[in-house]
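See below for the structure under consideration.
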């Protein structure tokens, strides 16, 4: 059933590049007392899985009464110029900007154009924890799995834009900054308002789910980001599934087809490619009585989305031996922090991956 939001024109402009970001913009809009409609700009990536989930999420956003503007932001060399040029008037007229990825170069470039005084950062997974910490320490904005490496030529070229964006994301004068998050925020930067995302919209819109007797396993893109060795990951999934009787593997949208094929053949798990973010898939059901995960965003979000259902979320630690030689020096500590700060989850030791 459509839930129409009030119309506040185009004074609030949201930029998203992933299905989870779009979901969290909907959660933020639902949490606001006024429930005013907003203009949601999808800066579409090229990955087919991500695009498919974004299309489905865009449908849900329209049902909620929001305006959705789909931008082929990466469709060729001239696409960024067309996109930015087409958005310039909206950016200059917006009173509030909502964004899902402060590390995105695209978003950072757009922030240099807007004069909006209210900025809202919604969750983009575990990266939100790193963003808040970097903002608190006045550090340059770098994704956690890249931190520790030397800046490349493109980083140096883009540095002035990134610096301006970081200033825009720092409260001061008439400028306010809100972080809307389900992640633990231990160090709040001065002047930043932190609002808890309790996944109220998700629980209101979907479920409660039918719960099956078995266990489901949640995939991760740690191999694709170069953090975890592919063979070690496959061994760990096999051992975890055997130990807990898991039958399904919910693939992360960034996992490669080759890796998932190896995983299906090597473990016997049914690989499921969700058409929506996992929080919505789990809430819609059916879902296993136990959901197993490696350190990732879902160990924070699934307990909220599944509150009151009796589903147990269990997280398996990453063994340091699984990390690649190219992994950031901060990778192990960051992943342990993701697990250690999760609430309402059962913590499992790292499985033997031989």
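Of all residues in region 316-333, count the ones that are crowded, with 19+ Cβ neighbours inside 10 Å and over 17 Å from residue 237 (Cα atoms).
The qualifying residues number 3.
Of the conditions (1) closer than 30 Å to residue 260 by Cα; (2) more than 23 Å from the chain's Cα centre (by Cα), residue 42 satisfies every one except a single condition; which number is it?
(2)
Give the residue, chosen from 23, 38, that is modelled with pLDDT of 95 or more and buried (at least 17 other Cβ atoms within 10 Å of the Cβ).
23
Working only within region 192-239, note down all residues that are touching a strand residue (DSSP E or B) at 6+ places or on another chain (Cβ under 7 Å), over 30 Å from residue 332 (Cβ atoms) and part of a loop (DSSP other than H, G, I, E, B).
If the condition is that a residue be touching a strand residue (DSSP E or B) at 6+ places or on another chain (Cβ under 7 Å), over 30 Å from residue 332 (Cβ atoms) and part of a loop (DSSP other than H, G, I, E, B), then 209 is the only one that fits.
Hey, among the residues in region 337-354 that are at pLDDT below 80 and crowded, with 17+ Cβ neighbours inside 10 Å, which one's farthest from residue 185 (Cα to Cα)?
Selected residue: 353.
When you scan region 92-103, how many residues do you find that are surrounded by 20 or more Cβ atoms within 10 Å (Cβ to Cβ) and farther than 12 Å from residue 169 by Cβ? Quick ask: steps written out before the conclusion?
Of all residues in region 92-103, those surrounded by 20 or more Cβ atoms within 10 Å (Cβ to Cβ) come to 94, 97-102.
Now restrict to residues that are farther than 12 Å from residue 169 by Cβ: 94, 98, 100.
Number of matching residues: 3.
Looking at region 136-159, is at least one residue closer than 21 Å to residue 15 by Cβ and at pLDDT 80 or above?
No - not one qualifying residue is present in region 136-159.
Just the residues that are within 20 Å of residue 248 (Cβ to Cβ) and surrounded by fewer than 23 Cβ atoms within 10 Å (Cβ to Cβ), please, taken from region 205-216.
206, 207, 208, 209, 210, 211, 212, 213, 214, 215 - these are the residues of region 205-216 that are within 20 Å of residue 248 (Cβ to Cβ) and surrounded by fewer than 23 Cβ atoms within 10 Å (Cβ to Cβ).
Here are some conditions: (1) in contact with a helix residue (DSSP H, G or I) (Cβ under 7 Å, 6 or more places away or on another chain); (2) closer than 24 Å to residue 50 by Cβ; (3) at pLDDT 85 or above. Residue 123 meets all but one. Which one does it not meet?
It is condition (3) that residue 123 fails.
Residues of region 252-271 being surrounded by 15 or more Cβ atoms within 10 Å (Cβ to Cβ) and under 15 Å from residue 288 (Cα atoms), which ones?
269, 271, listed by residue number.
Restricting to region 302-341, what's the tally of residues that are at negative phi, touching a residue at least 60 places away in the same chain (Cβ under 8 Å) and not in a helix (DSSP H, G or I)?
Of the residues in that region, 16 qualify.
Mind telling me which of the residues 195, 220, 202 ends up being modelled with pLDDT of 90 or more, within 18 Å of the chain's Cα centre (by Cα) and surrounded by fewer than 18 Cβ atoms within 10 Å (Cβ to Cβ)?
195
The values are calculated or read from the model by the stated rules, or taken from the named source; none is laboratory data. Not measured: the values here are computed from a predicted model. When we count neighbours, we look across all protein chains shown, and the Cβ atoms used for this are built from the backbone with ideal geometry, even at glycine.
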